[in-house]
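Working notes, beginning with the structure itself.
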Amino acid sequence: MPRTVLDVSKWQGSIDWDKVKASGLVSGVMIRAMGNSKEGKPSKPYIDPFFARNYAECTRLGIPFGAYLYSYATTVEEARSEADHVARLLGLTVPE
């Protein structure tokens, strides 16, 4: 049976992660950590409101995952700042 990688964010709402795990159909998850678009227009970056829950549930159930941010950064400094913020959300040490 084919397996897939899910892309999840606030748009999927509250996911029943126990059901996802039990299905055996999911090999991994990409979790949106941050976004910065309101109605398709750039805005101030924000943490996806379901990030913490999705992160915790995938960790609890041993579901492999990655995290991403949806960015409109236009400078190296903006991109670095956003990437550093995601690293901190994941509990990683941000290099100098």
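The values are calculated or read from the model by the stated rules, or taken from the named source; none is laboratory data. Everything numeric here is computed off the predicted structure, so don't read it as measured data. Because the Cβ atoms are built from the backbone with ideal geometry, glycine has one as well, and the counts that use them run over all protein chains shown. Note: areas computed on protein heavy atoms with side chains; ligands, DNA, RNA excluded. Shrake-Rupley method; radii C 1.70, N 1.55, O 1.52, S 1.80 Å.
Data for the structure
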item: Value of [θ]222 nm, deg cm²/dmol, for the chain, DSSP H segments ≥ 4, -39500 (n - 2.57) each, nearest 500; result: -10000 deg cm²/dmol
item: Cα-centred dipole magnitude for the chain, charges only on beta-carbon of K, R (+1) and D, E (-1), debye, nearest 20; result: 280
item: The chain shape via C-alpha gyration tensor axes, a/c threshold 1.5; result: prolate
item: Beta bridge orientation in the chain: antiparallel %, DSSP, nearest 5; result: 30
item: Residue-normalised accessible area of the chain, given per residue in Å² at a 1.4 Å probe; result: 65
item: Calculated FRET value between V5 and T74, using beta carbons and R₀ = 35 Å, to 0.05; result: 0.75
item: Principal-axis tilt of helix 51-61 within the chain, Cα atoms, nearest 10 degrees; result: 40
item: Cut-off 11 Å between beta-carbons: net charge of the residues surrounding L25, Lys and Arg +1, Asp and Glu -1; result: +3
item: Folded to 0 to 90 degrees: helix 76-89 orientation relative to the chain principal axis, Cα; result: 40
item: Unit charges on C-beta of K, R, D, E only; dipole of the range 52-96, Debye; result: 280
